[in-house]
1. Assess whether GLU44 counts as being touching a strand residue (DSSP E or B) at 6+ places or on another chain (Cβ under 9 Å) and either in contact (Cβ under 8 Å) with a residue 40 or more places away in the chain or over 19 Å from VAL116 (Cβ atoms) (or both).
2. So which residues in region 177-189 are more than 14 Å from GLU210 (Cα to Cα), surrounded by fewer than 21 Cβ atoms within 10 Å (Cβ to Cβ) and out of contact with any strand residue (DSSP E or B) (no Cβ under 6 Å at 6 or more places or on another chain)?
3. Are any residues in region 317-354 surrounded by fewer than 18 Cβ atoms within 10 Å (Cβ to Cβ), in contact (Cβ under 8 Å) with a residue 12 or more places away in the chain and hydroxyl-bearing (Ser, Thr, Tyr), and if so, which ones?
4. Considering every residue within region 202-217, establish whether at least one is of a type outside the set (Phe, Trp, Tyr), assigned by TED's automatic domain parsing to the domain that holds THR168 and in a helix (DSSP H, G or I).
5. Testing PRO47 on (1) surrounded by fewer than 20 Cβ atoms within 10 Å (Cβ to Cβ); (2) over 23 Å from the mean Cα position of the chain (by Cα); (3) at pLDDT 95 or above, one condition comes back false. Which one is that?
6. Quick check: is even one residue across region 357-373 part of a strand (DSSP E or B) and buried (at least 16 other Cβ atoms within 10 Å of the Cβ)?
7. Can you name the number of the only condition in (1) closer than 26 Å to GLN351 by Cβ; (2) in contact (Cβ under 8 Å) with a residue 40 or more places away in the chain that ILE239 fails?
8. Being in contact (Cβ under 8 Å) with a residue 24 or more places away in the chain and under 28 Å from ARG398 (Cα atoms) is the requirement here; does ALA92 meet it?
Amino acid sequence: MEKILVVEDERVVAWDIREALEQLGYTVVGTPASAKEAIKAANEAQPDLVLMDIRLAGERDGVSAATEIYATFTIPVIFLTAHADRDTLERATASNPYGYLIKPFRAEQLHTAIQVALQRHRLESDTRTAHQQASSTLRSLGDATISVDTEGCVTMMNPVAEKLTGWTNQEALGQSVEDVLHLFDGETLTPLPNPLSTALAQNKSVKLPERCLLLDRQGMAHYIGDSTSPILSPSGEVIGAVMVFQDISERKQREDQLLRDAFHDGLTSLPNRALFLDRLGQALKIYRQRGVGLFAVLLVDLDGFRQLNEQWGQVSGDRVLVEVGQRLSQCLRSGDTVARLGGDEFGVILQNVRSLAEAELCARRLLTQSALPFTLENSQVQLTTSIGIVMGQRSYKRAEELLQDVELGAEQAKQQGGNRYHVVVS
């Protein structure tokens, strides 16, 4: 089974991850706690993959260590972090990681992320190997392959490329590659320069953007990963170019799902605590810097949910949580956020409110909606909620401070008998 290096400076967390990996059948070759130890362990153990905590003790963090490990040993890295702030993610993304996992995560999420990363690494390794093959072996490659002459006309298309493009080799021979290969940016859907033409013009290898779409002859779109290189004669003269690419649509779907799972609640499909804190942090940053965009934070805590769960069972309890999330969402505007923070707690961010009175009006709507009966096994069941309210203020420096205060507000409302809201004034 694959060898995994776990880099984590919290020993208890490292032990939990190690135990989960071993139960999944992986071999853990070490659990270093610093960037220096991680680089040394990667050199000595040569793992198949590294799980790297972004925030490490010491002068260097996980992003720095991951960059050096990949550059030196070409070992794929998945980042582990309990922090989902924008700046951290941007730094991590720039290091070209093979995935992210937001702590805490489930064993199946860990397993899926590792398999996706290893598969991606294998595909990239295959592509690098393919570049070194002679022109006579291109047709037998498992990846799609297209070669062109110096004029950019197709000289060969292997069966995999035929299947992906919708062109047969016979039909494509002699045609301009611009007419055969239609590529688009997967985000903007704008046409992309043809990499074979670029490789010929610049006499260098070319890679497509991360999200590249190939539109085949029948109008079907495929996400592809590619690498394109010029073909050189023994004397070093450019005599053509070759593109080796793979259909990575399924991998993209898995990666997109992993990213969604990292920031959304699996039961309600609402944003989870990590995404809620990220959006709350953005709202606070804008308000502190510009003095515009007054916002309010509400925490909605269900009264008596534990008793409901005990009486009706978890399946019915889950149905109630899903319906509560839907009811809360219906009370909000399109720019607002409702998230499930965990258990029976929901968080709400009201953007661009005019005053506390507007936030209180929303809280009353939420109280009314959540108090409507729920139908469980042909019976009508009622719940109430306790809501805390905090207005965004410049005195707050971190989203977590706001969340802590609004949780106190919900607790005050619950202690006063529930089915009410409590405004926290800082």
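The values are calculated or read from the model by the stated rules, or taken from the named source; none is laboratory data. Bear in mind that the values here come from a model prediction, so they are computed numbers and not experimental data. Counting neighbours? That spans all protein chains shown, and the Cβs are built from the backbone with ideal geometry, glycine included.
1. So GLU44 passes the test.
2. GLU178, ASP179 - these are the residues of region 177-189 that are more than 14 Å from GLU210 (Cα to Cα), surrounded by fewer than 21 Cβ atoms within 10 Å (Cβ to Cβ) and out of contact with any strand residue (DSSP E or B) (no Cβ under 6 Å at 6 or more places or on another chain).
3. Once the filter is applied, which keeps residues that are surrounded by fewer than 18 Cβ atoms within 10 Å (Cβ to Cβ), in contact (Cβ under 8 Å) with a residue 12 or more places away in the chain and hydroxyl-bearing (Ser, Thr, Tyr), region 317-354 yields only SER329.
4. yes
5. (1)
6. The answer is no, given that none of the residues of region 357-373 is part of a strand (DSSP E or B) and buried (at least 16 other Cβ atoms within 10 Å of the Cβ).
7. (1)
8. Answer is yes for this residue.
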